[in-house]
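What follows is a single structure, written as structure tokens, with notes after it.
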Amino acid sequence: MANTFRILISTDNHVGYLEDDQIRGKDSFQSFEEVLLLAKQYNVDFILLGGDLFHHSQPSLYCLREVMGLIRQHLFGDKPCEFNICSDQSINFPSRFQRGCNVYDPNLNISIPIFTIHGNHDDPVGQGNLSAMDLLASVGCANYFGRSHDLNDIKVYPILMQKGDTKLALYGLGNVRDERLHHAWRDGSVSFIRPDSSDQDDQERRQSQEWLDHAFNMFVLHQNRVRHGPTSYIPEEFLDEFLDFVLWGHEHDCRIDPEPRDGKDICQPGSSIATSLAEGEALPKHVGLLEITGKDYSLQKIRLSTVRPFQYTAVALSQVDELRSAVGDAKACQRYLYSVVEDLIGRAEREWEEQQEEGENREDRTMPLPLIRIRVDYSGGFDAFNVVVFGKKFVSRVANPRDILKFHRQRTNIAGENATTRRQRQQQILNDPTSSVPERLDNVRVETLVDEILGRNLEVLPENEMQDVVQKLIDKDDKNAVSSFIKQSVLRMKRSIDGDQRSNIDNLSDQYVKRRATELKQDRFDMYAREQTSRNSRRRARQQRDAMDMNDNDNDE
């Protein structure tokens, strides 16, 4: 194996997902630990992660401690590194605290290094625009690469690795907002930097040509692969022709078997934990053992054994024979859905037993409570009912008793209806007290609800900051974003009022509190506007400097 790279590939671990949940809180940590144990078991050269190692951009202290502890426990050791990095590590790992690949750090003993990009969940945020990956890299637990600092000119540099006679050029690009990256790629602003064979020195020219001719070119990215809109995805046709293998993160459906596309193979391992109770998440979860020798490779998919069982099905009540005469009879529908849940639990138990029998070197484990999701189409006159009350019967038998059922109805598109007319119709449905809540939500888009709520004059919360928080909740599934923002805003107002009225609490009339809240909100609005203006000014100045530098370079030439 002196000429073979052995790489364990995994994406979307989402460590920290539902960490406060009493039943599912340990799931993401167990799956991530299994990934590390598999790396030891198969004696890999390194682990390659495709983004979203963490579920939150600012993970909790508990989550950080667990991840760092697991890495130190399983990946630190005296095992020698059997490959060399031939590229400029100051370009590959530009962090001032990372100082190159961690296997070369004299203060660390790394047995199996991790190479990772960031995803959309653990992307750079906050002061210093840092990612949680920066923290792992700073303490030597991971090698963070693929971050682009100039989105107007995205350059993707390779990590050049060599093991024996096998050369590997590893390219990576951390998550960028899909629409922006789509436009940049389409406009030619994304370029892959390849070894330059035009050097004057003969020896350097020969070495560069060897990398161009014989290196296995691999690319890892974290973007939408499925089209969600005109530009909210990255078409596979955008990928450069010289690439041999693409590791695609972000999409949670497991499509780990390589799919040939225009001379390259695309591998999508999917997530190692179900973060949404959707049909694609019910597929078995896998990681891959990638072996590269010269320009050839093989991929062995490995099913994760610690993943909580998840069974999904869809039911159209109008298509069930025994319910055709039970329109409007909620009890009959509940009895039928109870039987469907029982069938899914039984299926989960059978598949768990089969998995335990087929597994190699796996302990007999008691099946954890399964996840069950039934997507119920109640079109045709049927009524929705309380899903929380329905799930009480399965409290000790499933992991998600409060949301087993997901009601929906087929939406009808009206021919010739434009966006304004559709928005007005949705607003009428939203305000119609005779419509049931599920019926309103089935016919109203989330954007309409947000506009309706934030369009009002809020008393305490600044609308612009609230919009950012709602966007964060939607885009990053940060369930604590809204509650944290409200607590901070209320505490800020309380401190302001206390500072003015320490000596006389009797003066705290309703009018005074409203006036102080309005003043404080206006102050926050003005501060937010100044920050936005400052950001825009810095961005324009940076663009002007870049343009001047380009002109200077042209004049020099």
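Just one of the listed residues (VAL320, VAL341, VAL307, VAL327) is closer than 30 Å to MET1 by Cβ and either surrounded by 19 or more Cβ atoms within 10 Å (Cβ to Cβ) or more than 31 Å from the chain's Cα centre (by Cα) (or both), namely VAL307.
In the range 173-185, the residues that are touching a residue at least 24 places away in the same chain (Cβ under 8 Å) reach residues that are surrounded by 22 or more Cβ atoms within 10 Å (Cβ to Cβ) and aromatic (Phe, Trp, Tyr) with C-beta atoms within less than 8 angstrom, at least six apart or across chains, in these pairs: LEU173/PHE219. With the structure loaded, tell me whether ASP45 is on the phi > 0 side of the Ramachandran plot and surrounded by 15 or more Cβ atoms within 10 Å (Cβ to Cβ) or whether it fails that test. Spelling it out, it is not the case that ASP45 is on the phi > 0 side of the Ramachandran plot and surrounded by 15 or more Cβ atoms within 10 Å (Cβ to Cβ).
Selection over the range 285-300 of residues that are surrounded by fewer than 16 Cβ atoms within 10 Å (Cβ to Cβ) and either more than 30 Å from LEU212 (Cβ to Cβ) or in contact with a helix residue (DSSP H, G or I) (Cβ under 8 Å, 6 or more places away or on another chain) (or both) gives a count of 2. Please determine whether any residue of the range 52-60 is surrounded by fewer than 20 Cβ atoms within 10 Å (Cβ to Cβ), in a loop (DSSP other than H, G, I, E, B), in contact with a helix residue (DSSP H, G or I) (Cβ under 9 Å, 6 or more places away or on another chain) and in the same structural domain as GLY128 (by TED's automatic domain parsing). Yes, the range 52-60 has at least one match. Looking only at residues in the range 85-105 that are surrounded by 14 or more Cβ atoms within 10 Å (Cβ to Cβ), outside any loop (DSSP other than H, G, I, E, B) and not hydroxyl-bearing (Ser, Thr, Tyr), the one that is nearest to the chain's Cα centre (by Cα) is ASN92. Filtered by the rule that a residue be surrounded by fewer than 23 Cβ atoms within 10 Å (Cβ to Cβ) and more than 24 Å from the chain's Cα centre (by Cα), the range 154-166 gives LEU160, GLN162, LYS163, GLY164, ASP165, THR166.
Pairs meeting the criteria (first residue in the range 122-149 and more than 16 Å from ARG96 (Cβ to Cβ), second residue acidic (Asp, Glu) and buried (at least 24 other Cβ atoms within 10 Å of the Cβ), beta carbons under 9 Å, at least 6 apart or on different chains) are ASP122/ASP52; ALA132/ASP122.
Looking only at residues in the range 251-284 that are of a type in the set (Gly, Ala, Ser) and buried (at least 21 other Cβ atoms within 10 Å of the Cβ), which one is farthest from LYS40 (Cα to Cα)? Of everything passing the filter in the range 251-284, ALA274 is farthest from LYS40 (Cα to Cα).
Is it true that some residue in the range 166-178 is small (Gly, Ala, Ser) and over 18 Å from TRP248 (Cβ atoms)? No, the conditions are met nowhere in the range 166-178.
The values are calculated or read from the model by the stated rules, or taken from the named source; none is laboratory data. Please read these numbers as outputs of a predicted model, since none were measured by experiment. In this analysis, Cβ positions are derived from the backbone assuming ideal geometry, glycine residues included, and neighbour counts consider all displayed protein chains.
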